[in-house]
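Some notes on the structure that comes next.
Nothing in this text is a laboratory measurement; each read-out follows from the coordinates by a stated rule. Worth saying up front: this structure is predicted, and the values here are computed from it rather than measured. No Cβ is skipped: glycine too gets one built from the backbone with ideal geometry, and neighbour counts run over all protein chains shown.
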Amino acid sequence: MKINVLVAEIGSTTTVVNAFNEINCPCPNFVGQGQAPTTVLAGDVTVGLKGAVEDLKKNLNIPELEWDEFLATSSAAGGLRMTVHGLVYDMTVRAAKEAALGAGAIIKHVTAGKLRRTDLKKIQDINPNIILVAGGVDYGERETALHNFEMIASLNLNIPVIYAGNIENHDEIRLIAEDSGVRVYIVENVYPKVDMLNVEPTRKVIQEVFEEHIIHAPGMTKVREMVNGPIIPTPGAVMEAAKVLKAHIGDLVVFDVGGATTDVHSVTEGSEEISRILISPEPVAKRTVEGDLGVYVNLLHIIEKIGLENLKKEFEDAEELIRNAKPIPQSDREKQFIERLAKEAVLTSLERHAGSLRHLYGSTGKKTVAEGKDLTDIKYIIGTGGALTRLPERVEILKAVGRHSKGIELYPGKEAEILIDNYYIMASLGVLSKRFPEAALSLLLESTGLK
């Protein structure tokens, strides 16, 4: 059997391969899926990739399988680990963080101002995949970003560095990089003017650098034996899919509840009314990741937030359910318990992702301002990830988002429509959109029931 495109999602424990056909036709189709344990730690990711392809062949009941293109997303080998260094925390640092998170990064260390010896030691210990240096609006403060870049260059880490700061530093950054042998990628300033974000160019370069260097990571060196197309971080791929979908159907927010983390991706300009009173800019496409909100690995963190005694009022057998927790719940009771935890993860991640109104009092009286991401214009609330695509009450869990506001929060309203990534392929379609945007959109509409 001949397949147009295979897309692998190389996770920390499991590798999934999705097959797509008729990719250049008006009606592309999702053919099937196979999975196998990820083998990065064994030293060769292709063993797991081949295992997932074999499982796909078994599921399709075919003896042989050929393909034209093989693409991939990856969160294996520690995912995309980054450190971010800027000038002022609420300005250039925040802009750089938004760029990194939107690209799918796991941010391990953030600094504002000039790097200290303790910061340099942390960078060495973290050994990130990419370092991002920003700082200074264009034609503004120059010295902090230059100092930080010089300090990082002096470490001789052999780690690519992206510079996204004051445009006046470009020539000097190139000279420092040339003298020290640092691989530097110079992009547009993430914060070119006060109250102006410009994160998309940096996001794009982060994903390009990730793809260029992930193939040299331990266990990934043979990946190009099979994968001949783009490789991007899995969370960044979900964001790419969300942006493709937003351009077609309107403002949306995606909740991705997993065993270890909960990611929220929103793509919205917000309402004109809120934008007029917003005290600092927000990116159109924003991602937050909550490392303490997982329904398996971090299950105890969610239980602590709810309170065990409160949980026992709903589940008398809560302690037994906790002791016997599985990666995939089996019984109806186990599913009901995980549904309760998933709802808490969704609502908590919403609270951390979205902004709110604030009232300031001065000599002229009360003034209302808005702070944070405005989700009030959201048309669609979308669920992806294992919990929100497979649990029976997934739609009801997401309906709670529209009912959660107490009045001052910038949350989606009750009128927002609930959609589910029924095939659980948003990440795959995000990387597919890099080569085949029309096919990716068609398949997204199909998976969410809009087609």
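Would you mind classifying the range 81-214 by shape? Square roots of the alpha carbon gyration tensor eigenvalues, ordered a ≥ b ≥ c; an a/c under 1.5 is rounded, otherwise it is prolate if a/b is larger than b/c and oblate if not. Walk me through the intermediate numbers first.
Details: a/c = 1.29, a/b = 1.12, b/c = 1.15.
In terms of gyration-tensor shape, rounded.
Counting only C-alpha contacts under 8 Å and six or more residues apart, can you give the relative contact order of the range 118-177 as a whole percent? Before the final figure, lay out the partial values.
Numbers: 69 pairs, mean separation 25.7, N = 60.
Dividing the mean separation by the residue count of the range 118-177 yields 43 percent.
Using DSSP to call loops (not H, G, I, E or B), can you name the trypsin sites (Lys or Arg not before Pro) in the range 320-413 whose Cβ has at most 12 other Cβ atoms within 10 angstrom? Before the final figure, lay out each step's value.
Working: sites: Arg323, Arg333, Lys335, Arg340, Lys343, Arg352, Arg358, Lys366, Lys367, Lys373, Lys379, Arg390, Arg394, Lys399, Arg403, Lys406; in loops: Lys379, Arg403, Lys406.
Counting only loop positions with at most 12 other Cβ atoms within 10 Å, the trypsin sites (Lys or Arg not before Pro) in the range 320-413 are Arg403, Lys406.
Could you please rank Thr14, Thr448, Thr73, Thr364, placing first whichever residue has the fewest other Cβ atoms within 10 Å of its Cβ? Please report the intermediate quantities before stating the final value.
On the way: Thr14 15, Thr448 23, Thr73 27, Thr364 7.
Ascending number of Cβ neighbours within 10 Å: Thr364, Thr14, Thr448, Thr73.
Starting from the Cα of Glu269, move 7 Å in the Cα-to-Cβ direction to define the label point; list residues of the range 77-114 whose amide nitrogen is under 19 Å from there.
In the range 77-114, the label zone of Glu269 (backbone N under 19 Å from the point 7 Å along Cα→Cβ) covers no residue.
Taking Cα centroids, how far is the range 199-273 from the range 315-373 in Å?
That distance is 24 Å.
Spelling out what I want: for every residue of the range 282-289, take phi, set θ = phi - 60°, compute 6.51 cos²θ - 1.76 cosθ + 1.60 (Karplus), and round to whole Hz; glycine and proline get x.
Rounded to whole hertz, the list is 10, x, 4, 9, 10, 10, 10, 10.
Which percentage, to the nearest 5, of the DSSP beta bridges contained in the range 310-451 is antiparallel?
60 percent
Could you tally up the Lys pairs in the range 81-214 with alpha carbons closer than 16 Å? Skip any pair fewer than 8 positions apart unless they're on separate chains. Before the final figure, lay out the partial values.
Details: Lys97/Lys108; Lys97/Lys204; Lys108/Lys121; Lys108/Lys122; Lys114/Lys122.
Within the range 81-214, the lysine pair count is 5.
Please identify the GluC sites (Glu not before Pro) of the range 336-440 that satisfy two criteria: DSSP loop assignment and at most 12 other Cβ atoms within 10 Å. Which are they?
Working: sites: Glu339, Glu344, Glu351, Glu371, Glu393, Glu396, Glu409, Glu415, Glu417, Glu438; in loops: Glu393, Glu415.
Passing both the DSSP loop test and the Cβ count: Glu415.
Between Thr13 and Tyr139, 0.36 nm times their residue separation minus their Cα-Cα distance comes to what?
Numbers: separation 126, 0.36 × 126 = 45.36 nm, distance 4.66 nm.
Working it through step by step, the gained length comes to 40.7 nm.
How many percent of DSSP beta bridges within the chain run antiparallel, rounded to 5? Provide the component values of the computation, followed by the final result.
On the way: 35 of 73 bridges.
Just about 50 percent of them are antiparallel.
Is any helix in the chain, taking whole DSSP H runs, at least 27 angstrom long along its axis by alpha carbon and on average at least -1.0 on the Kyte-Doolittle scale, and which ones?
Working: long enough: 332-353 (31 Å, -0.93).
Correct list, ordered by number: 332-353.
Using a Förster distance of 51 angstrom, determine the FRET efficiency expected from the C-beta separation of Lys204 and Lys406, and round it to 0.05.
The formula returns an efficiency of 0.85 here.
In the chain, how does Rg compare with the Kirkwood Rh, expressed as the Rg/Rh ratio over alpha carbon atoms? Provide the component values of the computation, followed by the final result.
Details: Rg = 22.5 Å, Rh = 23.1 Å.
With Rg and the Kirkwood Rh in hand, the quotient comes to 0.98.
Need one word for the range 235-392: rounded, prolate or oblate. Basis is the Cα gyration tensor (sqrt eigenvalues a ≥ b ≥ c); a/c below 1.5 gives rounded, then a/b vs b/c decides.
oblate
Evaluate the distance, in nm, between pseudo-label points positioned 7 Å from the Cα of Lys305 and of Thr221 along their respective Cα→Cβ axes.
About 4.1 nm, to one decimal.
Report the gain in length on full extension from Ser331 to Lys58: 0.36 nm times residue separation, minus Cα-Cα distance, nm rounded to one decimal.
Working: separation 273, 0.36 × 273 = 98.28 nm, distance 2.67 nm.
Gain in length upon complete extension: 95.6 nm.
Note down, for the range 313-451, the three equivalent ellipsoid semi-axes (square root of 5 times each alpha carbon gyration tensor eigenvalue), biggest first, whole angstrom.
Value: 31, 26, 12 Å, ordered largest first.
Given only helices, namely DSSP H runs of n ≥ 4 each adding -39500 (n - 2.57), what is the per-residue ellipticity at 222 nm of the chain, to the nearest 500 deg cm²/dmol?
Values: 16 runs with 172 residues, N = 451.
Mean residue ellipticity at 222 nm (helix-derived): -11500 deg cm²/dmol.
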